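J.: Below you will find the structure I want to go over with you.
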Amino acid sequence: MHTEAAERLVPTPYVVRDAWQETHNVVSLELAPEGDGVLEPCAPGQFNMLWAFGAGEAPISASSVGASGSAVLHTIRQAGNVTRALCAAAPGDVIGLRGPFGRGWPLERARGRDVIVMAGGIGLAPLRPVLEHLETFRDDFGRVTLLYGTRSPEDILFRGELENWRGRFDFDVQVTVDTAVRGWASNVGAVTELLPRAVFEPERSMALLCGPEIMMRFCIQALRGRGVPPEWIHLSMERNMKCAVGLCGHCQWGADFVCKDGPVFPLDRIEGRLSVRER
Amino acid sequence: MGTQKSGTPGRGDGRRVDPPDVPGGAPASLLEPAAVGDLLRILREQGYRTIGPTLQDEAIVYDEIEGLGDLPAGLTDRQQPGEYRIEERSDDALFGYNLGPRSWKQYFFPPSLRLFAARRAGRGFEIEPPDADPPALALIGIRPCEIAGLDVQARVFTGGGHVDPWFAAARERAFLVAVQCAQAAATCFCGSMSTGPRAERGFDLALTELLDEGEHRFLVEPGSARGREVLAVLHPTPAGPAERARAEAATRRAESQLSRSVDGEGLPELLEAALEHPRWAEVAERCLSCANCTMVCPTCFCHTVEEVNDLSGERTERWRRWDSCFSGEHAYIHGGDLRPSTRGRYRQWLTHKFGTWHAQFGSSGCVGCGRCIAWCPVGIDVTEELAALRVGSDRAETAETEEAT
């Protein structure tokens, strides 16, 4: 049954062109198709199913989509067997990849608006392509704000990129941690506490959120409090996924399959179910 | 597609070779019971694997049958919530029962299917050539609600974005010999789901077993060009108005025996509004979260994948296996299970089947076969649960209205 449809379920070999440790439990892999394979472009917010031979697959959002035009970057936190095996990949290794899948961030709709990016922990990875897009097409957007929260200073991802963006006069970048350590002389607390300081016009803003659901729920409250309309708040959701093509049923959330109807959703579509436990 | 045995039936360029036409005008004809055996033989000669009802482990289940003798003649099934029993009939009916625990979905959506195999090669891997295509099946004795179930799954597996190649190929090749229901089990509720007890379309041949007044014959209606061709070989005798009338009477008898129903009016909206209804906690007290309902359901499609490695670690296979929203790993993501309670799982199953399914696939996910009622070990009855949710929700709405006024 060698059909195009079947191929969507069979991984393609991708070479690990580079691999590096981002934090103590997060690794980035730069992946390029093996041989003369062609890279399928991955839009910001889309994800690939990454396969470690013998271990299994995990859905991982792209953390950079245009790094070199021929490679895609994935930033993976070790959470279980599969992600542990993926994080152990070394340059030159080959892993399997299926994708890209899903609907990404609606960057076209954000043109001309103020953009507020709120990320928690590993949630910064799916938003990094957004920030790179904003950087490249800076004039197309209004004010740009990045509010990022992690557990501790040692969990901060993409330090180089963060410092680069913070060095620009047209990016407002704020970082906070749940737990400070000696030497941390910056914000401590929830990421929502950074919002009151951010400057944006709520009526003509777009907010993009990715992080733990509890964090996103509080972000939504804070953003709604500032007057950002729900259709201009977007979230990247996470659910169990096996097939990534809307067949296996695992990622169902209300009438949506997170893998194909998401993972990025506008708040007005999902607001009703966001607060329903075990939905 | 892989290499094929020549002469495999139902092959084409990806489309049905002979789309079923409207059977309304097709003349019905009559066959003797022995001709059903001839039908099996002819279909097997044409390269079909004939699958039909057969008695196994005190239940009538679908499996490969070779001849008339494999059919459970003279038997019937008695069903109640949490109960299924085989009993003897007073006649020699070949199809004198309703439904057993196995639906036809096992042939289109196999319980275990290898998606691919791979072997380590250098620092990477090589994918091994894919498995063979599904066989051409003749489904003998598929019931009207089961044709509807197959249609529901076809919309899931081939109607949306991704087309499942196994399902599409198996469905395209399948030859459907339907049997119109002449009786209803106590668990049946096809009438209210508009899926039975009589099928008007979706089959190649449809049989109605005529058993009155010592007679034992079959009224046959072709539903497709393929069906007509096969029927012609059997040299049936034309059916007269009397036989047609008796076939209609058989359908009416089954209809009159239907004792359960689901009120589908506004059900998706009602369920969406009833997510915190106290009934969910109440049914969770009885539900064992055993997943039987999802296994016997002809439309449930959830599956998982498993990596199967050999001992050397050099070769791996990915298998797709049936899963259930009642299983502990269904909603697991790092850090925990998003749907850990039986209340949450039962609610997911029911609200999906009767509610969100409409938005996803354009119909209810239920065809009223009643298997989930019979095979629930504690006899939970979906029709009763839905009625209870409706009553409570009506009350809640009324209360709100009263407060407002």
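J.: Modelled label-to-label distance, A:N81 and B:R253, 7 Å Cα→beta-carbon offset: nm?
T.: With each label placed 7 Å out from Cα toward Cβ, I get 5.5 nm.
J.: Counting only protein heavy atoms and rolling a 1.4 Å probe, how much accessible area do A and B lose on contact, total for both sides, in Å² to 100?
T.: 4200 Å²
J.: Excluding B:R246 itself, what net charge comes from residues whose Cβ is under 12 Å from its Cβ, given Lys and Arg +1 and Asp and Glu -1?
T.: -2
J.: For the stretch B:137-296, what class follows from the C-alpha gyration tensor (a ≥ b ≥ c being the square roots of its eigenvalues): rounded when a/c is under 1.5, otherwise prolate if a/b is larger than b/c, else oblate?
T.: Judged from the Cα gyration tensor, the stretch B:137-296 comes out oblate (a/c at least 1.5, b/c at or above a/b).
J.: With a Förster radius of 51 Å, plug the Cβ-Cβ distance of B:V378 and A:D140 into 1/(1 + (r/R0)^6) and report the FRET value to the nearest 0.05.
T.: E between B:V378 and A:D140, to the nearest 0.05, is 0.25.
J.: One quarter of the convex hull surface, Cα atoms only: what value does that give for the stretch B:18-161 in nm²?
T.: Average projection, Cα convex hull of the stretch B:18-161: 13.8 nm².
J.: Counting other Cβ atoms within 10 Å, which GluC sites (Glu not before Pro) in the stretch B:244-345 have at most 14 and lie in a DSSP loop?
T.: Taking the stretch B:244-345 and a limit of 14 other Cβ atoms within 10 Å, the loop GluC sites (Glu not before Pro) found are B:E265, B:E276, B:E314, B:E329.
J.: Taking the Cβ-Cβ separation of B:E229 and A:E40 as r and a Förster radius of 60 Å, what is the calculated FRET efficiency to the nearest 0.05?
T.: Once the sixth-power term is evaluated, E becomes 0.85.
J.: For the stretch B:299-384, take N as its residue count and report Rg(C-alpha) divided by 2.2 N^0.38 Å.
T.: Against the compact-globule rule of thumb, the ratio is 1.37.
J.: With a probe of 1.4 Å, find how much accessible area the stretch A:107-274 has per residue, and write the answer as a whole number in Å².
T.: Ligands and nucleic acids excluded, the result is 39 Å² per residue.
J.: At B:A281 and A:W184, where each label point lies 7 Å from the Cα along Cα→Cβ, what is the point-to-point distance in nanometres?
T.: So the label points at B:A281 and A:W184 sit 3.9 nm apart.
J.: Collect residues whose amide H, placed 1.01 Å from N in the peptide plane, falls under 5 Å from the amide H of B:F116; neighbours closer than 5 in sequence don't count.
T.: It is B:R318, by chain and number.
J.: What is the list of residues in the stretch A:67-96 whose amide nitrogen lies under 18 Å from a point 7 angstrom out from the Cα of B:R321, following Cα to Cβ?
T.: A:81-82
J.: What is the pair-distance distribution P(r) of the protein assembly as shown, computed from all Cα-Cα distances in 20 Å bins starting at 0, with each bin given as a whole percent?
T.: 17, 43, 30, 10, 1
J.: Measuring from the lowest to the highest alpha carbon on each principal axis, how far does the stretch B:148-234 reach, largest first, in angstroms?
T.: 52, 38, 16
J.: Out of every Cα pair in chain B, what percent are spaced more than 33 Å from each other?
T.: Of the Cα pairs, 38 percent sit more than 33 Å apart.
J.: A further question on this structure: Could you give the size of the charge dipole of the protein assembly as shown about its Cα centre, using +1 on the Cβ of each K and R and -1 on the Cβ of each D and E, expressed in debye and rounded to the nearest 20?
T.: In debye, rounded to 20, the protein assembly as shown gives about 1040.
J.: While we're here: When a/c is below 1.5 the answer is rounded, else prolate if a/b is larger than b/c, else oblate, so apply that to chain A with a ≥ b ≥ c taken from the square roots of the Cα gyration tensor eigenvalues.
T.: Note, shape of chain A comes out prolate.
J.: Give me the aspartates and glutamates in straight-line cross-link reach of B:K105: C-alpha distance below 15 Å, same-chain residues under 8 apart excluded.
T.: Candidates past the 8-residue exclusion: B:D63, B:E64, B:E146, B:D151, B:D164, B:E172, B:D323.
J.: Also, I was wondering about something else. With all protein chains present, how much of the accessible area of the stretch B:231-369 (probe radius 1.4 Å) comes from carbon and sulfur, to the nearest whole percent?
T.: Its accessible area is 55 percent carbon and sulfur atoms.
J.: Further question: Using protein chains only and a probe of 1.4 angstrom, how many square angstrom of A:K242 are accessible, to the nearest 10?
T.: About 50 Å², ignoring ligands and nucleic acids.
J.: Which residue fluctuates the most in chain B, going by a Gaussian network model with Cα springs under 10 Å, if the choices are B:P111, B:P53, B:P298?
T.: Highest fluctuation among the options: B:P111.
J.: Around B:P53, what is the net charge, scoring Lys/Arg as +1 and Asp/Glu as -1 over all other residues with Cβ under 13 Å from its Cβ?
T.: -4
J.: Still on this structure: Quick check: at a probe of 1.4 Å, how many percent of the accessible area of the stretch A:4-101 sits on carbon and sulfur atoms?
T.: Accessible surface attributable to carbon and sulfur in the stretch A:4-101 totals 49 percent.
J.: Please identify the GluC sites (Glu not before Pro) of the stretch B:135-242 that satisfy two criteria: DSSP loop assignment and at most 11 other Cβ atoms within 10 Å. Which are they?
T.: Answer by residue number: B:E215.
J.: Continuing with the same structure: Testing the spin-label approximation: label points 7 Å from Cα along Cα→Cβ at B:N309 and B:A121. State their distance in nm.
T.: 2.0 nm
J.: Check each residue of the stretch B:162-183 and keep those whose accessible area, probe 1.4 Å, is at least 50 Å² smaller with all protein chains in place than in the chain alone; give them in order of residue number.
T.: B:H162, B:P165
J.: Let me ask something else. Tell me the trypsin sites (Lys or Arg not before Pro) within the stretch A:78-156 that lie in a loop according to DSSP and have at most 15 other beta-carbon atoms within 10 Å.
T.: Sparse-neighbourhood loop trypsin sites (Lys or Arg not before Pro): A:R111, A:R151.
J.: How many Å² of accessible area per residue for chain B, probe 1.4 Å?
T.: That works out to 42 Å² per residue.
J.: What FRET efficiency comes out for A:E108 versus A:R166 if R0 is 22 angstrom and r is the Cβ-Cβ distance? Round to the nearest 0.05.
T.: 0.25
J.: Tell me which aspartates and glutamates have Cα within less than 13 Å of A:K260's Cα, excluding those fewer than 8 residues away on the same chain?
T.: Leaving aside aspartates and glutamates fewer than 8 places away in the same chain, those within reach of A:K260 are A:E238.
The values are calculated or read from the model by the stated rules, or taken from the named source; none is laboratory data. Not measured: the values here are computed from a predicted model. Every residue, glycine among them, receives a Cβ derived from its backbone with ideal geometry; neighbour counts consider all protein chains shown. Heavy atoms of the whole protein, side chains included, go into the accessibility calculation; ligands, DNA and RNA do not. Shrake-Rupley method; radii C 1.70, N 1.55, O 1.52, S 1.80 Å.
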